[in-house]
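Right, one structure below, let's go through it.
The values are calculated or read from the model by the stated rules, or taken from the named source; none is laboratory data. In this text the structure is predicted, and so the values were computed from the model without any measurement. Every residue, glycine as well, gets a Cβ built from its backbone with ideal geometry; the counts of neighbours run over all protein chains shown. Remember, those area values only see protein heavy atoms, side chains included, never the ligands or the DNA or RNA. Shrake-Rupley method; radii C 1.70, N 1.55, O 1.52, S 1.80 Å.
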Amino acid sequence: MNYVILDLEWNQPLSPQRMIRDPFNLSGEIIQFGAVKIDDLKELNITDRYSEIVKPVFYTKMNKHVTEVTDLTDEIISQGRPFEVVCREFLDWCGEDAAFITWSDNDIYMLEDNMS
């Protein structure tokens with residue numbers, strides 16, 4: 001079993017009126033995958049790390065609050081790689097028997113939303 005501690009960062013619309021609603025309600029767009037693998041839930045030894053910037057398609061201008069929290073800028077995210085590429089690479093890195101650990105369920109919901 002691979003235990004993956006996942007921390008995603010996502011950009012949000014600059015205002016509620018700019019939220020992408022059609023053909024889906026996209027409340028945020030992932031701009032960074034960050035994760036570590038640990039060996040087990042008792043020792044918590046980090047065995048590998050993953051970090052990658054994602055180039056956004058919908059929310060390409062950083063929300064001021066998100067920049068303050070993440071230190072990610074328009075310039076940084078513009079150098080990222082496409083979501084589809086990063087997501088596939090990340091899932092391959094996780095392995096088939098991964099169990100995800102997150103700070104809250106928001107990361108998993110955002111991942112599912114962006115994958116849709």
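Specify which labelled value, from (i) 14.7, 47; (ii) 15.2, 44; (iii) 14.9, 52, agrees with Rg and Dmax of the Cα atoms in Å derived from the coordinates of the model shown. It is the one labelled (i).
Heavy-atom accessible area for Thr70, with the other protein chains in place and a 1.4 Å probe, reaches approximately 30 Å². Given the options Trp93, Met62, Leu41, identify the residue whose Cα lies farthest towards the positive end of the charge dipole of the chain (+1 on Cβ of Lys, Arg; -1 on Cβ of Asp, Glu). Ranked along the dipole, the leading option is Met62. In order along the stretch 65-72, the Karplus-derived 3J(HN,Hα) couplings, from 6.51 cos²θ - 1.76 cosθ + 1.60 at θ = phi - 60°, round to 5, 5, 4, 4, 7, 9, 6, 8 Hz, and Gly and Pro are given as x. Computed from phi, the 3J(HN,Hα) profile of the stretch 101-114 under the Karplus parametrisation 6.51, -1.76, 1.60 (θ = phi - 60°) reads 10, 9, 5, 7, 7, 4, 4, 5, 4, 5, 4, 4, 4, 5 Hz, with x in place of Gly and Pro. If only the Cβ of Lys and Arg carry +1 and only the Cβ of Asp and Glu carry -1, the dipole of the stretch 33-116 around its Cα centre is close to 340 debye.
Model label sites at Leu41 and Asn106, defined 7 Å from Cα along the beta-carbon direction, differ in position by 2.4 nm. Think of the chain as a dipole: +1 on every Lys or Arg Cβ, -1 on every Asp or Glu Cβ, centred on the Cα centre; then among Leu72, Met1, Met110, Leu72 lies furthest on the positive end.
How large a share of the accessible area of the chain, in percent, is made up of carbon and sulfur atoms when the probe is 1.4 Å and the other protein chains stay in place?
Numbers: 3760 of 7390 Å².
Of all accessible area on the chain, carbon and sulfur atoms account for 51 percent.
Give me the percent of DSSP beta bridges within the stretch 2-116 that run antiparallel, rounded to the nearest 5. If I count the DSSP bridges inside the stretch 2-116, around 75 percent turn out antiparallel.
Per residue, the accessible area of the chain comes to 64 Å² when a 1.4 Å probe rolls over the protein heavy atoms.
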